[in-house]
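K.L.:
Once you've had a glance at the structure underneath, I'll fire off some questions.
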Amino acid sequence: MGEYEVLTAALAVACAAVLGLAVALARTRRRWRAAVGERGWLLERERESAAEAAIAAERDRIARELHDIVSHNVSLMVVQASAAREVLGTMPDEAATALRAVEDAGRGAMTELRHLLGLLAPAPDGTDGDPGPGAQAVDAPLAPQPGLDRLGPLVDRISFAGLPVEVHVSGEPCPLPQGVDVTAYRIIQEALTNALRHGDGGTARVTVRYAGHALRVEILSTGPSVLTGTAPSATGGGSPPPAARPHGEGTGRGLLGLRERVAVYGGELDARRRLGGGFRVRARIPLDRP
C-alpha cells in the first residue's frame, strides 16, 4: 500500500472520529438541555411548594392571633354584659361598672384587631392607614404584642369579670425572646378565659417559673367536679352569678393553637380536666434553643 492510500485511510478514520464526536456532543448537549429544563421545573415546583407552605403557616398564625384576640375579649364582654343585665334593676352602679368593662374590652379588641390588620395591609407610608369611620372611639398608639409584662392587667380584667386569680412567680426573671414571651402570655390568657367561661364561680392560680434553660407556666382552675358534678366554693367575692356565665365546650381551636405555638420553640403543652374540678394547663418552653 502506498503512502497516498495510508494518508487517505488515516484521513477517513479521522473524519469518522470527528463525525462520531460531533454526534456524541450533540446528544450530550440535548441531554444537558433536557436536564437543565427538568431541574428548572423542579426548582420552580420547589419554590411554589415553599410559597404555599409559607402562606399556610402565615394563615395559621393569623388565625391563632384572631382567635386569641376575639375569644378573650368577647368572653369578657359576654360575662360582663350578663352580669350587668342581672343587676340592672337593683344595683345600677354595679351595672354601670360592668357596662364600662364591656366598653373597655370592646375598645381593646378593636385596637388589637386594628394593629393586626395594619400588619397585614399597611399603608404605603408604613402606618396602619385610615382605620375608617368610628376610629376615634378606638384610636390609640400601637403597642407591641403582649408579653408577661402585661400579665397584671390581664389578671385584673379576669378578676374583675368574676374569676379570682392568684399569681406566683418563682426563679430569677430574665429577658425572654419575644416569641416565647408572647406565647407564655397567650397560654395564660387562653387558660384564664376558658376558666372564666366554664368555671361557674371557681378560682384560678397562675404560676410562672424561670427554671434555668426553660420557662414553665402552669394554670390551675377550680370548677365542677367530673365525679360529683358540683362546683367548689369560690374563694373570692364580686363574681357574676352562675347564670351569667356562658357555657359550651367550644371547638378546642384555642388549645390546638397553643400547642402549635409551643411546638415552634420545641416545648410541650399539656391541658386536661382535673378530677376534683376545673382544668390544669402546663407548658414548658426551652430558652436555649437556637
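None of the figures in this text is laboratory data; all of them are computed from the coordinates on show. Note that this is a predicted model, so its numbers are computed, not measured. Cβ atoms come from the backbone with ideal geometry, glycine included; neighbour counts cover every protein chain shown.
K.L.:
What distance in nm lies between label points placed 7 Å from Cα along the C-beta direction at residue 39 and residue 62?
P.N.:
My value for the distance between the label points is 3.6 nm.
K.L.:
Could I ask something else about it? Compute the FRET efficiency between residue 54 and residue 94 as 1/(1 + (r/R0)^6), taking r as their Cβ-Cβ distance and R0 = 30 Å, and round to the nearest 0.05.
P.N.:
Details: r = 50 Å, r/R0 = 1.65.
Approximately 0.05, to the nearest 0.05.
K.L.:
Sketch the reach of a paramagnetic label on residue 167 as a point 7 Å from Cα along Cα-to-Cβ, and name the residues of the stretch 181-213 whose backbone nitrogen lies under 16 Å away.
P.N.:
181-193, 204-210
K.L.:
Order these peptides, 167-180, 9-22, by their mean beta-carbon neighbour count within 10 angstrom, highest first. Please list the in-between numbers first.
P.N.:
Numbers: 167-180: 12.4, 9-22: 10.1.
Highest to lowest by the protection proxy: 167-180, 9-22.
K.L.:
First measure r as the distance between the Cβ atoms of residue 260 and residue 30, then evaluate 1/(1 + (r/R0)^6) with R0 = 45 Å and state the FRET efficiency to the nearest 0.05. Walk me through the numbers on the way to the answer.
P.N.:
Details: r = 48 Å, r/R0 = 1.08.
Using R0 = 45 Å, I get an efficiency of 0.40.
K.L.:
Return the FRET efficiency for the residue pair residue 12, residue 46: r is the Cβ-Cβ distance, R0 is 45 Å, and the value is rounded to the nearest 0.05. Show your work: numbers first, answer last.
P.N.:
Numbers: r = 50 Å, r/R0 = 1.12.
The formula returns an efficiency of 0.35 here.
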